[in-house]
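Quick note: the coordinates plus some simple rules give every number you see, no bench work behind them. Remember, it's a predicted structure, so these values are computed and weren't measured experimentally. Cβ coordinates were reconstructed from backbone atoms using ideal geometry, including for glycine residues, and neighbour counts include every protein chain displayed.
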C-alpha cells in the first residue's frame, strides 16, 4: 500500500492514475471498472458528471449512455449516501422498489452485473466521486478486508486526481471549436469520431486537441476534461 501511494503521488495525469489503479483492481479480480467524477453542486447522474469506464460490453455501454439509463442510474447516489461500500444486492434493497431503479437493475442484471461493488470517494471542497467494480465472483463472499483494501486504493487515486485538478490554470480561454472538440473527446469519442461529428478532418481535430492540452497543461484527455469541468469551460 505504501508503494502504491508513493507511485500515485508522482503521477500528474488523471488517465495514468486511473489506468494504474485499474491494474491493481484487476489483480484483485475486477473485470469491469468505472470512475464517475461529479462537479460540485451537480447530481451523480448529471450530464456534467465525467465517466471513465473500461471493460464493459459495448451493448451495455450503449444502453447506459445512448438509451437514457445513465439518467436513472441510482447506484452512484445510493453509494454516496451510504458513505462507504455498497454491493449490488444492498443497492437494490436501498432503492426501495422505485420503478425507474427497478428497471435499471433488471436491465443490467441481464449482463451479469450482480457481482458488483460501488465505492464512495470523497475529496477536498466537496469534490466527491464514485467508483464501481464488477467481479467474476460475488464480492459479498470475499475474505474480510478485501473490499476495504480496494476502497483505500480507489480513495488514494481520487485524492491524487483532485490534486492534479488543483494545478489547473485559474484563467484559461478556449475557443468555441476547442470546447466542442474537448466535449466530444471527454465523452469518449476518438479523434476520427469527433471529426465526423464536427465535419472536420481528424488532423484538424488533433490540432485542436494539442492546443487544448497546451492551454490546460494536460497530457491526456482525462486530465484536460476534469480541469475544464472545474473551470466551467465545458459541459458533458
- GNM top mover of 180, 171, 114 - the chain, alpha-carbon springs below 10 Å: 171
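Add -39500 (n - 2.57) for each DSSP H run of 4 or more in the chain, then divide by its residues: what number comes out at 222 nm, to the nearest 500 deg cm²/dmol?
Values: 12 runs with 127 residues, N = 236.
Roughly -16000 deg cm²/dmol at 222 nm, from the helical runs in the chain.
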- By counting other Cβ atoms within 10 Å of each Cβ, how are 75, 107, 209 ranked from fewest to most? 107, 209, 75
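If I take every Cα pair under 8 Å that is 6 or more residues apart in the chain, average their sequence separation and divide by the length, what percent do I get for the relative contact order?
24
For an R0 of 25 angstrom, estimate the FRET efficiency from the Cβ-Cβ distance between residue 61 and residue 103 and round to the nearest 0.05.
Details: r = 18 Å, r/R0 = 0.71.
E(calc), rounded to 0.05, equals 0.90.
What's the whole-number percent of alpha carbon pairs in segment 176-230 lying beyond 16 angstrom? Before the final figure, lay out each step's value.
Working: 415 of 1485 pairs.
Of the Cα pairs, 28 percent sit more than 16 Å apart.
On full extension of the chain, what length is gained from residue 217 through residue 200, given 0.36 nm per residue of separation minus the C-alpha to C-alpha distance? Don't skip to the end; give the middle numbers.
Values: separation 17, 0.36 × 17 = 6.12 nm, distance 2.45 nm.
Additional length available on full extension: 3.7 nm.
Quick check on segment 1-141: of the DSSP beta bridges with both residues there, what percent are antiparallel, nearest 5%? Write out the running numbers ahead of the final one.
Numbers: 21 of 21 bridges.
Looking only at bridges with both residues in segment 1-141, the antiparallel portion is about 100 percent.
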- The alpha-carbon center of segment 8-61 and that of segment 125-194 are separated, in whole Å, by 4
- Kindly identify segment 114-216 as rounded, prolate or oblate by the Cα gyration tensor criterion: order the square roots of the eigenvalues as a ≥ b ≥ c, call it rounded if a/c is under 1.5, otherwise compare a/b with b/c, prolate if a/b is larger, else oblate. oblate
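May I ask for the Rg/Rh ratio of segment 1-58, computed from Cα atoms with Rh as the Kirkwood radius, given to two decimals?
Details: Rg = 13.3 Å, Rh = 13.0 Å.
That ratio is 1.03, to two decimals.
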- Taking a ≥ b ≥ c as the square roots of the eigenvalues of the Cα gyration tensor of segment 69-142, is the shape rounded (a/c under 1.5), prolate (a/b larger than b/c) or oblate? oblate
- Item | Order of 128, 220 - criterion: other Cβ atoms within 10 Å of each residue's Cβ, fewest first | 220, 128
- What residue among 188, 29, 145 shows peak mean-square fluctuation when the chain is described by a Gaussian network model with Cα springs under 10 Å? 145
- Note on the structure: GNM of the chain, Cα pairs under 10 angstrom: of 131, 148, 53, the biggest fluctuation goes to 148
- Message: Once you place label points 7 Å from the Cα toward the Cβ at residue 152 and residue 7, how far apart are they in nm?
- Response: 1.6
- Item | Distant alpha-carbon pairs in the chain (separation over 33 angstrom), percent | 17
